[in-house]
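Worksheet for the structure shown next.
The values are calculated or read from the model by the stated rules, or taken from the named source; none is laboratory data. Treat the numbers as computed from the prediction; the structure is a model and nothing was measured. Don't worry about glycine lacking a Cβ; one is built from the backbone with ideal geometry, like all the others, and counts go over all protein chains shown.
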Amino acid sequence: MTSDTQDPVAEEIPDGAPDDKKMSLIEHLTELRRRLMYAAIAFVVVFLICFYFSNTFFNFLVEPLASVWHGGDRRLIYTALHEKFFTNIKVAFFSAAFLSFPIFAVQIYMFVAPGLYKNEKGAFLPFLIATPFLFFGGGAFVYYIVMPVAWQFFTGFEQLAAGSGGLPIELEPKVNEYLSLVMRLIFAFGISFELPVVLSLLAKVGIVTADGLKQKRRYAIVIAFVAAAVLTPPDPLSQLALAIPIIVLYEISIYCAILIGRRKDREAAENEADA
């Protein structure tokens, strides 16, 4: 004998719907703690590895300056007993933060993914993938293009040959000050290169539109130059090297917002046609 009564639990879940499992607040917090613990463990492991190779990483960061200094007995110095040790810790910390970011991003995605529809997952994933690549692109841009030009500019103020009874003026950077300057530049350019991701996400949720971004273009240009003046060394070449990419990225963001707006209009038209 068969029953015509259908078990509500056995009802088919619509395609693309989020997981039907209901979790309490405590279960959500427990899951979040577990994901963050995985990310923290990964960071600690990567940090220990990076600390072992901290001198190698620091030498890599010094390479743009070493390439500017041609010949001679040039050096970096430290004036406190603990300065180089803490510099190595900073190098390992920054390196570990960059290398372990994909693991952290994956853990956050795995935490929020069960509550997303299939189309929402497909919309969120490209931004998650693009974020580290854009940050890496910004860091590579400042390392290979901006730093050699900026270091050439600053080292040009040396006075190696004394004249008229003066004394030589030679550059001997401190390791912690050099690292702080390099990391500030890398993070400034890396974060600035995330502009298309941020504005595209805001356009996707409807906070900004392509027309609105076009109207605010003049303000964006002013803000780009102000940010470049604050974040970069006080030389015009470094400031232009940051301001111009920000403006270009802003224009790319406008184009992305246009594509997102067209897609929304197309989906709205399809929904009206189906209705």
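Say we look at the range 220-246 and pick out the residues that are under 17 Å from the mean Cα position of the chain (by Cα) and not small (Gly, Ala, Ser); which of these is nearest to Ala188 (Cα to Cα)?
Top of the filtered list is Leu231.
For the range 210-236, what are the residues that are more than 13 Å from Tyr250 (Cα to Cα) and in contact with a Leu (Cβ under 8 Å, 6 or more places away or on another chain)?
Ala227, Ala228, Leu231, Thr232, Pro233
I need the full set of residues from the range 161-187 which are basic (Lys, Arg) and either within 20 Å of Arg74 (Cα to Cα) or surrounded by 15 or more Cβ atoms within 10 Å (Cβ to Cβ) (or both), in order please.
Hit for the range 161-187 is Lys174, nothing else.
Being surrounded by 13 or more Cβ atoms within 10 Å (Cβ to Cβ), free of Cβ contacts under 8 Å to residues at least 60 places away in the same chain, of a type outside the set (S, T, N, Q) and assigned to a loop (DSSP other than H, G, I, E, B) is the filter here, so list the residues in the range 188-215 that pass it.
Those that are surrounded by 13 or more Cβ atoms within 10 Å (Cβ to Cβ), free of Cβ contacts under 8 Å to residues at least 60 places away in the same chain, of a type outside the set (S, T, N, Q) and assigned to a loop (DSSP other than H, G, I, E, B): Phe193, Val208.
Write out, first by first residue and then by second, each pair whose Cβ atoms fall under 9 Å of each other, whose residues are 6+ apart or on separate chains, and whose first residue, in the range 261-275, is in contact (Cβ under 8 Å) with a residue 40 or more places away in the chain while the second is surrounded by 10 or more Cβ atoms within 10 Å (Cβ to Cβ).
Gly261/Ala203; Gly261/Thr209; Gly261/Ala210; Gly261/Asp211
Please count how many residues of the range 58-114 are among the acidic types (Asp, Glu) and either under 17 Å from the mean Cα position of the chain (by Cα) or closer than 24 Å to Val149 by Cα (or both).
Count: 2.
Name every residue in the range 162-200 that is at pLDDT below 85 and out of contact with any Asp or Glu (no Cβ under 9 Å at 6 or more places or on another chain), in order of residue number.
Ala162, Gly163, Ser164, Gly165, Gly166, Leu167
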